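In what follows, a single structure is set out as structure tokens and then discussed.
Just so you know, all these numbers are worked out from the coordinates, no wet-lab data involved. Not measured: the values here are computed from a predicted model. Counting neighbours? That spans all protein chains shown, and the Cβs are built from the backbone with ideal geometry, glycine included.
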Amino acid sequence: MPDFPQSLCSPVQVSRFLVEAGIKPSRAQGQNFLTDKNTLEILLAAASPVAEDTVLEIGPGLGVVTGQLVNQCGKVFAIEKDRRLFALLGQRFAGVENIELIHADALEKDLNNWVIKHGVNLVVSNLPYSVASRILVELCIPRRTIETLVVTVQREVAVRMAAPPGKKTYGLLSVLLQAGYHVEIVKNVAATCFWPRPEVDSAIVCLRRLAQVDYSSEESLMMCAMAKYAFSRRRKMLGPALGAWIGGQGISEEFFRKEIMPAHGVPQTARPETVAPAQWLAMAREICNSKSVAGCNP
């Protein structure tokens, strides 16, 4: 295999290296490699990794972020799906004791339980565009064990992640992430900061766990199921639409509409995009009554 370039922040050196390695980046897998040093520094500054951190990186690619993490963190787990890139990473980090490279599809893992098992408290990743939302929900629902996530995602996804109630971009993803995390767009990132250049711009987003919020797995899954149903019918009023669904779950529709909704400041005529994450969670907590609810994907 060819030697790694001196700078992974040089598009010319990165492109030449990949040609020599016989690798053509896959658009389907979202293989757009970060080549902008300023963006890399901002990403790392937002994450603020320290020696006590156990970090998960999904989609390390050529290891431009990974190389910085292994120098600052106690333990780094890097999950790479592409076998060609996994082999290159193995070459680059051979002999580095505080990194574990994993050849796998992150979505085929039980990520939430996996991070608990390995004590992961920090996630730093340039997430593949096509699966970013699913990965974030897997990591944040149903249990909030990760303290901080700093990720680069498609700009459109970032806007939805951080959107406040009342905005057109506020939806299911906003609710699921903001129920347990403070979500902030740290920096917009131009497409020119990647090679090959993607068709859309990106953004660095920081999610920090809300210390004052606590909920069980059952409550989070109930919230997820409720919000998913409501946002699939976002033009309908919550009282009759969600009330009917609640009734179908074996819970009193009348109690939900006349007691639970008013108790948490949610009018019968409310649309789902006007209900704050804390209100969704509070309603879910009251109606959960130990009922298991199927998983949720945004």
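Length gained on full extension, Arg143 to Glu20, computed as 0.36 nm times the residue gap minus the Cα-Cα distance: 39.9 nm.
Extension gain, Glu199-His103: 0.36 nm per intervening residue step, less the Cα-Cα distance, totals 31.8 nm. Note: relative contact order over the chain, using C-alpha pairs below 8 Å and six or more positions apart, is 16 percent. The distance separating the Cα centre of the stretch 135-164 from that of the stretch 183-205 comes to 15 Å. Computed about its Cα centre, the charge dipole of the stretch 149-252 is approximately 400 debye, with only Lys, Arg, Asp and Glu carrying charge at their Cβ. In this structure the amide hydrogen of Phe33, modeled in the peptide plane, comes within under 5 Å of the amide hydrogens of Trp195, none closer than 5 places in sequence on its chain. Shown in residue order for the stretch 63-75 are the 3J(HN,Hα) couplings computed by the Karplus curve 6.51 cos²θ - 1.76 cosθ + 1.60 at θ = phi - 60°: x, 5, 7, 4, x, 6, 5, 5, 7, 10, 10, x, 8 Hz (x for Gly and Pro).
Counting only residues at least eight positions apart within a chain, or on another chain, the lysines with an alpha carbon under 28 Å from that of Lys109 are Lys24, Lys75, Lys81, Lys117, Lys228, Lys291. When Ser220, Ser125 are sorted by how many other C-beta atoms sit within 10 angstrom of their C-beta, beginning with the fewest, the order is Ser220, Ser125. Normalising the average separation of contacting C-alpha pairs (under 8 angstrom, six or more residues apart) by the number of residues puts the relative contact order of the stretch 179-236 at 33 percent. Sorted fewest first by neighbouring Cβ atoms within 10 angstrom, Glu100, Glu253, Glu57 come out as Glu100, Glu253, Glu57. When each of Phe194, Phe77 is scored by the number of other beta-carbon atoms lying within 10 Å, the sequence from fewest to most is Phe77, Phe194.
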